[in-house]
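Undergrad: Encoded as C-alpha cells, here's the structure I'll be asking about.
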Amino acid sequence: MSSQLHLAGAAFLKSLTAGLSEPSAPKSLGATTERSSKHNQAVIDAIPYFQEWREAARQVKTYAIANLDKLLVEFERNITARGATVLYAQDAAEANRHILDIAAEHEVKSVVKAKSMLSEELELNHVLEEAGIRAVETDLGEYIVQLAGQRPVHIVTPAIHMSAADVGRLFAEKLGEPYSEEHSKLTDIARRHLREEYLAAGMGTSGCNFALADTGTLVIVENEGNGGLSTSTPPVHVALIGIEKMLPKAAYLPLFLNLLPRSGTGQKLTSYTHLIHGATPGQKLYVILLDNGRSNVLKDPAATSALHCIRCGACINACPVYRRAGGWAYGWVYPGPIGSILTPHLVGLDQAGKLPFASSLCGACGEVCPVKIDIPHQLVHLRHRAVNEPSPMNSWTERLTWRVWAWFMGGPSRYKLMMAGVRMGVRMAKFLPWHPGKLGAWTRGRELPKVPGPAFRSWWRRHGNQYTQDQEGARSPLPPGEG
Ligand code: SF4
C-alpha cells in the first residue's frame with residue numbers, strides 16, 4: 001500500500017484535485033472545517049488568559065529559532081547519552097538514504113508509520129515501496145487516504161474530505177470487509193487490520209511535535225494510540241524531526257500542550273502524550289534531524305516566524321480559500337495559509353511563487369494562530385518577493401500585463417479609454433465564434449458581467465444641469481450605476 005499521487009510541485013490550482021470533484025467532497029470539507037473552527041474557538045474563548053499563552057509561546061519560539069544552532073547540539077548530546085543515534089539530513093534525498101540504510105542494516109521488510117507530515121515531504125511510502133519494503137500508515141485518516149491512493153488533504157485530519165459512506169465503500173473494496181458506514185464499525189475494521197501490521201513490522205517511523213533540548217526528549221501527541229504502538233512495538237524506531245521543532249526547555253512544554261490541542265482539535269489535551277527520553281532496552285532509536293529548506297527561512301529575516309508553526313491546522317480550518325479549494329490545490333505537503341507561507345521557502349519561490357496569492361488576506365489565519373504568526377503580513381512579504389525574484393509571478397507576460405494596466409490607470413483620460421475598450425469588448429463577446437468561457441481558468445466557472453450603462457461621468461455631462469435644476473422641483477431619473 002502506498003500513495004499513488006506524488007508531489008506535483010506547488011502551482012496553485014494546477015495540481016491534482018480530481019478527488020474533490022466527488023459531489024460530496026467540497027461540501028464536507030467546507031462544512032467540517034467551519035464546524036471545527038467554531039468549536040475550537042468556543043473552547044479557546046473559555047480560557048480568559050489564552051492571549052497571554054499565545055504571547056508567551058511566540059516569545060519561546062522566537063528564542064528557539066534564534067538559537068537553533070545551540071539547541072540542536074544540546075538536544076543531540078542529551079538524547080545520544082540515552083542510547084539514540086542522531087543523524088542529520090540536508091534534504092529529502094539524504095533523509096531517505098538514512099532510512100533505507102537503517103532498514104537494510106536491520107533487515108526490515110515492513111514499516112508501520114505514525115502520522116508525520118515530514119514523511120510526506122520525503123515521499124517515504126513511495127521510496128520504501130521502490131525498495132521492496134511495505135509501508136503502512138497507522139493514523140486512521142492517513143490509513144484511509146493511503147488505501148484510496150490519495151494524499152492527505154489536511155495536516156491534522158487527512159481524510160476530512162471523505163464521508164463515512166466513502167470509507168465504508170473503500171474498506172469493502174480494498175479490505176474485503178462488509179460495507180458499513182457506522183463509525184465504530186469502521187474504526188474496529190481499521191484497528192483489526194492494523195494490529196497485524198504492528199506485530200509484523202520491523203521498523204516504526206514517527207514524526208515529533210516537540211523536541212526538548214535540555215532533556216533530549218521527543219514529544220508526540222495523538223488521539224488514537226497508534227503513535228505509541230508504532231514507536232514502541234517494532235524493534236527499530238526512526239523519529240523524523242524538522243529542525244524547527246526544538247523547544248529550549250521541558251518547562252515550556254505544558255504551555256504548548258495547552259495550545260496545540262485546543263487550536264487543533266478543540267481538546268483540552270490529546271488522548272495520548274508520549275515523552276520518549278531515549279532508546280528503550282531492546283529497541284534501537286534513530287533520530288533524523290531534517291533541514292529540507294528550513295534554513296532558507298532563516299535567510300529571510302522577515303519570514304523566520306514561519307518556523308514557529310506547531311502544525312495545529314487552525315489557520316487551515318479558518319481559511320475561506322482552503323475551504324473551497326481543498327488541500328491538494330496547494331500542490332505540496334502543507335495546504336492553507338501555513339502552506340502558502342512555508343512552501344515557497346521549502347521548495348523555492350520559482351516553484352511555489354503563486355501560493356502567497358492564494359489568499360483573500362481576510363486575516364482569519366493570523367487571528368487564530370496559537371503562536372501568533374502574522375500570516376497575512378508574511379503573505380504580503382512573499383508576494384512582494386514573488387514579483388521581484390524569479391517566480392511564476394515574475395514572467396514577462398505578468399510584467400507586461402501590469403505595465404499596460406499601470407499605464408491605463410495613470411490618468412483620467414487613459415482610464416476612460418480603457419473603460420470604453422472594456423465596454424466594447426464585453427459587448428462584442430457575444431459575436432465571437434467561440435464562447436469566451438473557453439479562455440481558461442479565469443473564465444471557467446465565471447459568467448461575463450453584464451454590460452453596464454454609461455459611466456457616471458458621461459451621464460453627468462448629458463443630464464447634470466437638468467438634474468441640478470430638478471433638485472428644487474420634480475426628481476430626475478436616478479443616475480445609473482458607475483460603469
Ligand atoms: S501557522 Fe499557526 S495556525 Fe497555522 S498550523 Fe501553524 S501554528 Fe497552527
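Conditions (1) more than 30 Å from Asp91 (Cα to Cα); (2) more than 16 Å from the ligand (Cβ to nearest atom), marked per residue:
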| site | (1), (2) |
| --- | --- |
| Ile375 | no, no |
| Arg385 | no, yes |
| Asn394 | no, yes |
| Phe408 | yes, yes |
| Pro412 | yes, yes |
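Undergrad: Could you give every pair whose Cβ atoms fall below 9 Å, whose first residue belongs to segment 339-354 and is on the phi > 0 side of the Ramachandran plot and touching a residue at least 40 places away in the same chain (Cβ under 8 Å), and whose second residue is within 13 Å of the ligand (Cβ to nearest atom) and outside any helix (DSSP H, G or I), counting only separations of at least 6 or pairs across chains?
TA: Within 9 Å, no pair qualifies.
Undergrad: Please state which of the following conditions Val60 fails to meet, knowing it meets all the rest: (1) surrounded by 15 or more Cβ atoms within 10 Å (Cβ to Cβ); (2) more than 18 Å from Ala213 (Cα to Cα); (3) among the β-branched types (Val, Ile, Thr).
TA: Here Val60 meets the rest and fails (2).
Undergrad: Within segment 94-141, can you find the residues that are assigned to a helix (DSSP H, G or I), among the aliphatic types (A, V, I, L, M) and in contact with a helix residue (DSSP H, G or I) (Cβ under 9 Å, 6 or more places away or on another chain)?
TA: Narrowing segment 94-141 to residues assigned to a helix (DSSP H, G or I): 94-105, 117-122, 124-130, 140-141.
With the extra rule that they be among the aliphatic types (A, V, I, L, M), the set shrinks to 95, 99-100, 102-104, 117-118, 122, 124, 127-128, 140.
Passing the criteria: Ala95, Ile99, Leu100, Ala103, Leu118, Leu122, Leu124, Val127, Leu128, Leu140.
Undergrad: Which condition does Gly363 not pass, out of (1) touching a strand residue (DSSP E or B) at 6+ places or on another chain (Cβ under 8 Å); (2) over 25 Å from Arg151 (Cα atoms), if it passes all the others?
TA: The one condition Gly363 does not meet is (1).
Undergrad: Among the residues that make up segment 138-154, is at least one of them acidic (Asp, Glu), touching a residue at least 24 places away in the same chain (Cβ under 8 Å) and within 24 Å of Ser206 (Cβ to Cβ)? So that I can check it myself, show each step before the final result.
TA: Taking segment 138-154 as the starting set, the residues that turn out to be acidic (Asp, Glu) are 139, 142.
Now narrow it down to the ones that are touching a residue at least 24 places away in the same chain (Cβ under 8 Å): 139, 142.
If we keep only those that are within 24 Å of Ser206 (Cβ to Cβ) too, we end up with 139, 142.
Yes - at least one qualifying residue is present in segment 138-154.
Undergrad: Filter segment 181-238 for residues that are of a type in the set (Ser, Thr, Tyr) and more than 27 Å from the chain's Cα centre (by Cα); which is nearest to Lys70 (Cα to Cα)? Before the answer, list the steps.
TA: Let us first name the residues in segment 181-238 that are of a type in the set (Ser, Thr, Tyr), namely 184, 187, 198, 205-206, 215, 217, 230-233.
Right, trim to more than 27 Å from the chain's Cα centre (by Cα) and you get 184, 198, 215, 232-233.
Values: Ser184: 47, Tyr198: 36, Thr215: 14, Ser232: 29, Thr233: 33 Å.
Among residues in segment 181-238 that are of a type in the set (Ser, Thr, Tyr) and more than 27 Å from the chain's Cα centre (by Cα), the one nearest to Lys70 (Cα to Cα) is Thr215.
Undergrad: Still on this model: Taking Asn292 as the residue in question, decide whether it is more than 16 Å from the ligand (Cβ to nearest atom), outside any helix (DSSP H, G or I) and either at pLDDT 95 or above or surrounded by fewer than 24 Cβ atoms within 10 Å (Cβ to Cβ) (or both).
TA: Numbers: more than 16 Å from the ligand (Cβ to nearest atom): yes; outside any helix (DSSP H, G or I): yes; either at pLDDT 95 or above or surrounded by fewer than 24 Cβ atoms within 10 Å (Cβ to Cβ) (or both): yes.
Yes.
Undergrad: Please find, among Arg323, Arg311, the residue that is within 15 Å of the ligand (Cβ to nearest atom), closer than 18 Å to Ser116 by Cβ, in contact (Cβ under 8 Å) with a residue 24 or more places away in the chain and surrounded by fewer than 24 Cβ atoms within 10 Å (Cβ to Cβ).
TA: Going through Arg323, Arg311 in turn, the sole match is Arg311.
Undergrad: I've got another one for you. Looking at segment 295-308, which of the residues that are of a type in the set (S, T, N, Q) and touching a residue at least 60 places away in the same chain (Cβ under 8 Å) is nearest to the ligand (Cβ to nearest atom)?
TA: By that ranking, first place goes to Ser305.
Undergrad: Can you find a residue that is among the charged types (D, E, K, R) and part of a loop (DSSP other than H, G, I, E, B) anywhere in segment 193-213?
TA: There is no residue in segment 193-213 that is among the charged types (D, E, K, R) and part of a loop (DSSP other than H, G, I, E, B).
The values are calculated or read from the model by the stated rules, or taken from the named source; none is laboratory data. Here the structure is a predicted model, which is why all the values come from computation and not from measurement. Every residue, glycine as well, gets a Cβ built from its backbone with ideal geometry; the counts of neighbours run over all protein chains shown.
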